[in-house]
Amino acid sequence: MTDDGFQRTDDAFRNPSAVRGAPDPAFDTPFDRTGTGSSKWTRAEAPGVIPMGLADMDLPGPPAVAAALERRARHRAYGYTVCDPAGRTLVADWYRARHGVAVDPDWVLLLPCGPRTALRLLLDTLRPQAPVLFPTPEWGGFAQLCRAAGIDRRELRLPLGPDGYRLPDGPLPRPTAAVLLSSPHNPSARVWPAADLRALAERAAEADAWLVSDEVHGDLTHPGHVHPVAVTTVDPAVRHRTVTLNSVGKTFNCSGIPSSFALVPDPALRARLTDTLAGYGLWEGGLLEQTVQQAALREGGPWLDALLAHLAAARDRLTGRLGPAVRSAPQASYLLWLDAAALALPPATARRALLERCGLEASDGADFGPGGSGALRLNYALPGPVLDTVLARLDRL
């Protein structure tokens, strides 16, 4: 057990900065998504605009995933499928290999839906009678899901210090049914320290609340940082009140094929969540979901190492250019959280101003709750030549 609370199985995990791949030349080649129905590129409001708002990579995904889909497509029967039990062990093996932590395969539920739907199914299963709590700024999906489910919600402002955001201290308000958290943080790409995550889980348990950790960006943690997997980081005494949600979608650029998995240590909650799935006509596994997930987890590691090297280099170029406008230094993913005023943009209309001055489309910070006012979120998962263009356009500010 190391000082950060992780069980390690390999020396490489004791020095995360050593786990780093060489950039892939494919990431420095223009990548055309024309004709693919891309949601991200639909957001471009005029010819020549570079969309940087939606959390979706403009980079080619792993060859292993494409090859697996091609192989399966050649068998021209696409009927009902059963869940491959080996998929649970595959998820556990991935956590051991990538994060050096022990996940019990029995905790794993292989869900035939994206993480957003998985969270809604989990909320339907928990049936919270008290408010659900989440920080601000925070991914706007939490608020949308709570509204759609008719669940009362409260938002806690995240303290912002010189080294980025911190999780709030002190006891949680009572009553609280659940604490929802993106880990790493969306929008700032901050990796929450393991000790802070443990403390939050303990405060949630004291309030008789669940901790639900959305970790879809966790496998995109940059070299030199360690992602704390919630269910293996919290004290074992409160593990049964903790759920981790994850997916290969963000990591391997395949979010258009809905797939996710939940780590649910509590067997009673797993059984209830399975019943909820059945009530919506859903079951574990799925033809395309399993094809993509298994290919990514079995063979995608080297591709992911190369991607992380590319993202870290892009991060350094952008943060070096934007300097004090970066509200919280990114430690994972491909998201950059910016202070509009520091860019000399009007805080209330910063998204429109950036679009008009630079031809760059961003996410409006207001979409991330009250704590996002006056901010912009940029996605820098771009081919090298496109990033060159982005940097040149930022000189117009």
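For ARG71 and GLU299, the difference between the fully extended length at 0.36 nm per residue and the C-alpha to C-alpha distance is 80.6 nm.
Summed over the residues of segment 46-85 and divided among them, the accessible surface reaches 58 Å² per residue at a probe radius of 1.4 Å.
What is segment 41-91 by shape, rounded, prolate or oblate, if you read a ≥ b ≥ c off the alpha carbon gyration tensor as root eigenvalues and call it rounded for a/c under 1.5, prolate for a/b larger than b/c, and oblate otherwise? Taking the square roots of the gyration eigenvalues as a ≥ b ≥ c, segment 41-91 is prolate. Based on protein heavy atoms only, segment 212-304 ends up with 32 Å² per residue of surface accessible to a 1.4 Å probe. Taking 0.36 nm per residue of sequence separation and removing the Cα-Cα distance, the SER39/ASP388 pair yields an extension gain of 123.4 nm. Neighbours of ALA67 by Cβ distance under 13 Å: Lys/Arg scored +1, Asp/Glu scored -1, total +2. Each 5 Å bin from zero holds the following percent of Cα-Cα pairs in segment 91-240: 2, 9, 18, 23, 23, 16, 8, 2, 0.
Here segment 290-333 is treated as an ellipsoid with the same Cα gyration tensor; its semi-axes, largest first and in whole Å, are 30, 11, 6. Taking all Cα pairs closer than 8 Å and separated by 6 or more residues, the relative contact order of the chain comes to 26 percent.
Using the rule -39500 (n - 2.57) for each DSSP H run of four or more residues, divided by the residues of the chain, the 222 nm mean residue ellipticity is -10500 deg cm²/dmol. Each 20 Å bin from 0 upward holds the following percent of the Cα-Cα pairs of the chain: 28, 60, 12. Full extension of the segment from THR89 to ALA329, taken as 0.36 nm per residue of separation minus the current Cα-Cα distance, would add 82.9 nm.
Computed from the C-beta positions of ARG157 and ASP196 and an R0 of 25 Å, the FRET efficiency is 0.95 to the nearest 0.05. The trypsin sites (Lys or Arg not before Pro) found in segment 304-397 that occupy coil by DSSP, while having at most 14 further C-beta atoms within 10 Å, are ARG396.
Of the accessible area of the chain, computed with a 1.4 Å probe over protein heavy atoms only, carbon and sulfur atoms account for 53 percent. Extending 7 Å from the Cα toward the beta-carbon at both ARG396 and ARG357 defines two label points whose distance is 1.0 nm. Placing pseudo-labels 7 Å out from each Cα toward the beta carbon at THR349 and ALA268 gives an inter-label distance of 5.6 nm. For segment 143-171, backbone nitrogen atoms closer than 15 Å to the point 7 Å from GLU206 Cα along Cα-to-C-beta are found at 168-171.
The values are calculated or read from the model by the stated rules, or taken from the named source; none is laboratory data. Note that this is a predicted model, so its numbers are computed, not measured. For neighbour counting, all protein chains shown are included, and Cβ atoms are generated from backbone atoms with ideal geometry for every residue, glycine included. The area values use the complete protein model at the heavy-atom level, side chains included, leaving out ligands, DNA and RNA. Shrake-Rupley method; radii C 1.70, N 1.55, O 1.52, S 1.80 Å.
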